[in-house]
Amino acid sequence: MTEPSLPKSVTARAGTNIALVKYWGKRDAALNLPAAGSLSLTLANLGSETTVRFASDAGGSDGRDRVLFAGAPAEAKFATRVQRFLDLVRTRAGIQLPAEVATNNTVPTAAGLASSAAGFAALALAASRAAGLHLLPAELSELARRGSGSAARSIFGGFAEMSAGTRADGADAVARGLLDEKAWDVRLCVAITAEGEKAIGSTAAMERTALTSPYYQGWLASVPVDLEEAGAAVLARDLAVLGPIAERSALRMHACALAADPHILYWNPATIAAMSTVKTLRANGTLAFFTIDAGPHVKVLCRSADAPVVQAALAATPGVMRVLVLAPGQGAHILNEN
Ligand code: PMV
């Protein structure tokens, strides 16, 4: 039976986000606190939809949460991550009921397209609401962060900035919106350069980088300036200023990870070819700038009017399989509550 005060089920949606000033390293692994801030763009169309229901009959035969992914029982690793996250929500709401969670992604999972960002942002909103909580955006961002650091940013639409915070409990390690999704007509063209899962997940890779890369302190020291300059460029809607900051942030993050031991290399030949394409586009007068996450794909920020030219140039690059053109999107929102 559902508790009378709880909604029967809540469905929420969130778009993925791509960092323009990267998050790479934690100051606290248990609470998932970032060692430095970050800045991102939330995207429309690529995202995650999650339906959550807390009820005594919602769990599986073992009485634990039932977790479905794309309509089928989720693999154990993913299910455990979701169950741990639901424990946080139950504690906060003071309930003990099991949940049924059904997630559908419109993002290639774990291929460096930040599926965890959209997934945990949607789950934070759906699960908290289904548990009877009405959290403020900053509280939702804090909750989403516990699932995945980048998810804290997908609570907000458009451009968002994540603070590293200084508090040990992480209450100030939250994102805030800088510019909503309608405020600046840019596009992110995503050049897909491989299929399948990334070589090493971001949490393990960040940990190895922090422990073994001689450049880790230098990387962390470089972030505050990037954040400040990128934040100002976003507010001024100045792509010519924002773009080079995004490129240097991504390259520094990858340089730092490359220097870990064993090294962490996410790129393939098509990744480098796509970076060259972007430089050629710029040499020919198109404002286009790349960023690369924990995977081999190349994401190119440009004006919406230039997106067809950028898309065509990336699609013609050897090794690029296809190119998605994505607009800024809304933050996490409720689709259905009953
Ligand atoms: O949120 P996580 O733990 O998947 O880490 C995200 C790491 C990057 O995507 C590479 C950078 C970022 O800021 O999103």
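Just so it is clear, none of the values below were taken in a lab; they were calculated from the coordinates. Keep in mind it's a predicted model, so treat the numbers as computed, not measured. Because the Cβ atoms are built from the backbone with ideal geometry, glycine has one as well, and the counts that use them run over all protein chains shown.
Assorted remarks:
- Taking a straight Cα-Cα cut-off under 18 Å and skipping sequence neighbours fewer than 8 places away in the same chain, the aspartates and glutamates within cross-link reach of LYS279 are GLU247, ASP306.
- Counting charges near GLU49 (Lys, Arg +1; Asp, Glu -1) among other residues having Cβ under 15 Å from its Cβ returns a value of +1.
- Ratio of Rg to Rh over the chain (Cα coordinates, Kirkwood Rh, two decimals): 0.97
- Helix content alone sets the calculated 222 nm mean residue ellipticity of the chain: runs of n ≥ 4 DSSP H residues at -39500 (n - 2.57) each, divided across all residues, give -11500 deg cm²/dmol.
- Here's the picture: charge each Lys and Arg Cβ at +1 and each Asp and Glu Cβ at -1 in region 77-174, and of ALA131, ALA151, ASN104 the one pushed furthest to the positive end of that dipole is ASN104.
- Other residues within the sphere of radius under 14 Å centred on the Cβ of ALA259, judged by their own Cβ, net out at +1 (K and R +1, D and E -1).
- Helix 239-258 vs. the chain, principal-axis angle (Cα, 0 to 90°, nearest 10): 80 degrees
- Highest mean first, the peptides 303-314, 275-286 sorted by other C-beta atoms within 10 Å per residue fall in the order 303-314, 275-286.
- Computed label-point distance, nm, for sites ARG84 and ASN336 using a 7 Å Cα→Cβ extension: 3.1 nm
- For region 216-338: rounded, prolate or oblate by the Cα gyration tensor [a/c cutoff 1.5]: rounded
- Straight-line cross-link reach from LYS22 at under 20 Å between alpha-carbon atoms covers these lysines, not counting any fewer than eight positions away in the same chain: LYS198, LYS299.
- Taking a ≥ b ≥ c as the square roots of the Cα gyration tensor eigenvalues, region 86-186 comes out oblate, since a/c reaches at least 1.5 and a/b does not exceed b/c.
- Helix 115-130 vs. the chain, principal-axis angle (Cα, 0 to 90°, nearest 10): 30 degrees
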